[in-house]
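Accompanying notes for the structure given below.
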Amino acid sequence: MTAQIRRLFRSPYSVPNGIHATADGLWVADQITDRVASIGWGDPNEYGVTQFFRDISTESSNTSGLTYGDGSLWLAANGPGTLWRPARPTDAEKGKGDILRVDPVSGATQGRWPVPDGGGVHGIEYDHFEPGFLWVTTLHSQTLSKVRIADWTVELTLPLPYQRAHGVIRVENGIWVVFTSHRVIVKLDLEDGHELARITVPGDQPEPHCLTRWDDSFYYCDATSGWIASITPDSF
């Protein structure tokens, strides 16, 4: 699949590792501080960043994934935050990931659940086609789980073709998953996970980590460089 990739602006945080698009702009999560910022769509200023509306503190840790749904932010806590900062009592346990439901105004934790099958997590998506479900990557088993939020049960588990799965976007006829180390974004079948399409991100573009969609484009963040880029594919 062909796609146009364009650098847009830099994140207000040094290590952006979660992103979600809205009509007003983007939610961006920082992996170091575990804060989430709301930023605008406007042209970047002389420092390469756009308008900063506000940010909130959360109880997430080593944040590696962000989505929005049912009035809440959902954050993927990929283990404790001690690689980056002092430990906090709310950090996820070492070797385990948690999913946090967070109030987008106060940052208060509204709910907390373990990653299905344990282990770390790099990607999360609220399913707007089937509300009440989250899609969650599980690193150690190299799978993608569809989880019913009401009772935190796994309805479906899809095998993933590559390691280090990151951002996830549900579309009507499939689900896109970023594989950061391979620099590809792969569309998978919703029933058995076989590949339907792919976008390759060239080496001269920011590395793809987390992923979101608005209108006719994907948007992704690069946790290593801080860039936020757009991808306009010829189809979804």
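The values are calculated or read from the model by the stated rules, or taken from the named source; none is laboratory data. Predicted, not measured: the structure shown is a model, and the values here were computed from it. Glycine also receives a Cβ, built like all others from the backbone with ideal geometry; neighbour counts cover every protein chain displayed.
Kindly indicate whether any position in region 130-138 is surrounded by 21 or more Cβ atoms within 10 Å (Cβ to Cβ), within 16 Å of the chain's Cα centre (by Cα), within 17 Å of Val36 (Cα to Cα) and not charged (D, E, K, R). No: region 130-138 contains no residue that is surrounded by 21 or more Cβ atoms within 10 Å (Cβ to Cβ), within 16 Å of the chain's Cα centre (by Cα), within 17 Å of Val36 (Cα to Cα) and not charged (D, E, K, R). On the stretch given as region 174-183, residues that are touching a residue at least 24 places away in the same chain (Cβ under 8 Å) and surrounded by fewer than 20 Cβ atoms within 10 Å (Cβ to Cβ) total 1.
List pairs: first residue in region 202-224 and free of Cβ contacts under 8 Å to residues at least 40 places away in the same chain, second residue buried (at least 20 other Cβ atoms within 10 Å of the Cβ) and in a loop (DSSP other than H, G, I, E, B) anywhere in the structure, Cβ distance under 6 angstrom, at least six positions apart or on different chains. Close Cβ pairs (under 6 Å, with a partner that is buried (at least 20 other Cβ atoms within 10 Å of the Cβ) and in a loop (DSSP other than H, G, I, E, B)) amount to Glu207/Asp222. Quick one: count up the residues across region 12-51 that are closer than 23 Å to Pro86 by Cβ, in contact with a strand residue (DSSP E or B) (Cβ under 6 Å, 6 or more places away or on another chain), of a type in the set (S, T, N, Q) and not in a strand (DSSP E or B). So the answer is 1.
If I go through region 79-95 residue by residue, how many of them are touching a residue at least 24 places away in the same chain (Cβ under 8 Å) and either assigned to a strand (DSSP E or B) or among the aliphatic types (A, V, I, L, M) (or both)?
Step one: filter region 79-95 for residues touching a residue at least 24 places away in the same chain (Cβ under 8 Å), giving 79, 81, 84-85, 88, 90-92, 95.
Those still in the list that are either assigned to a strand (DSSP E or B) or among the aliphatic types (A, V, I, L, M) (or both) too: 92.
Residues in region 79-95 being touching a residue at least 24 places away in the same chain (Cβ under 8 Å) and either assigned to a strand (DSSP E or B) or among the aliphatic types (A, V, I, L, M) (or both): 1 in total.
May I ask you to list the residues in region 218-234 that are modelled with pLDDT of 95 or more, closer than 22 Å to Gly174 by Cβ and either over 15 Å from the mean Cα position of the chain (by Cα) or surrounded by fewer than 18 Cβ atoms within 10 Å (Cβ to Cβ) (or both)? Listed by number, the residues that qualify are Ser230, Ile231.
Take Gly167 and decide whether it is under 14 Å from the mean Cα position of the chain (by Cα), at negative phi and touching a residue at least 60 places away in the same chain (Cβ under 8 Å). Write out each step before concluding.
Values: under 14 Å from the mean Cα position of the chain (by Cα): yes; at negative phi: yes; touching a residue at least 60 places away in the same chain (Cβ under 8 Å): yes.
Considered against the rule, which asks whether it is under 14 Å from the mean Cα position of the chain (by Cα), at negative phi and touching a residue at least 60 places away in the same chain (Cβ under 8 Å), Gly167 comes out as yes.
Scanning region 151-173 for residues that are surrounded by 13 or more Cβ atoms within 10 Å (Cβ to Cβ) and either in a strand (DSSP E or B) or basic (Lys, Arg) (or both) turns up Val154, Leu156, Thr157, Leu158, Arg164, Ala165, His166, Gly167, Val168, Ile169, Arg170, Val171.
Kindly provide the set of residues from region 120-141 that are part of a strand (DSSP E or B), closer than 20 Å to Glu59 by Cβ and either at pLDDT below 95 or of a type in the set (Phe, Trp, Tyr) (or both), ordered by number. Show your work before the answer.
Quick first cut of region 120-141, residues part of a strand (DSSP E or B) only: 124-126, 133-138.
Filter once more, so that each one left must be closer than 20 Å to Glu59 by Cβ: 124, 126, 134, 136.
Hit for region 120-141 is Tyr126, nothing else.
Note on region 75-118: among residues that are surrounded by fewer than 20 Cβ atoms within 10 Å (Cβ to Cβ) and among the acidic types (Asp, Glu), the one that is modelled with the lowest pLDDT is Asp117.
You will find that of Asp215, Asp204, Asp189, the residue that is farther than 24 Å from Val28 by Cβ and either touching a Gly at 6+ places or on another chain (Cβ under 7 Å) or among the charged types (D, E, K, R) (or both) is Asp189 and no other. Within region 115-139, residues that are at positive phi reach partners that are at pLDDT 95 or above and hydrophobic (A, V, I, L, M, F, W, C) with beta carbons closer than 7 Å, at six or more positions or on different chains, in the pairs Gly132/Ile149; Gly132/Ala150.
Residues that are touching an Asp or Glu at 6+ places or on another chain (Cβ under 7 Å), among the aliphatic types (A, V, I, L, M), under 25 Å from His140 (Cβ atoms) and not in a strand (DSSP E or B) are absent from region 55-78. Each residue in region 1-43 was checked for being farther than 19 Å from Asp216 by Cα, of a type outside the set (Gly, Ala, Ser) and out of contact with any Lys or Arg (no Cβ under 8 Å at 6 or more places or on another chain), and 12 pass. Scanning region 222-232 turns up no residue that is part of a strand (DSSP E or B), within 21 Å of Pro114 (Cβ to Cβ), among the aliphatic types (A, V, I, L, M) and touching an Asp or Glu at 6+ places or on another chain (Cβ under 8 Å).
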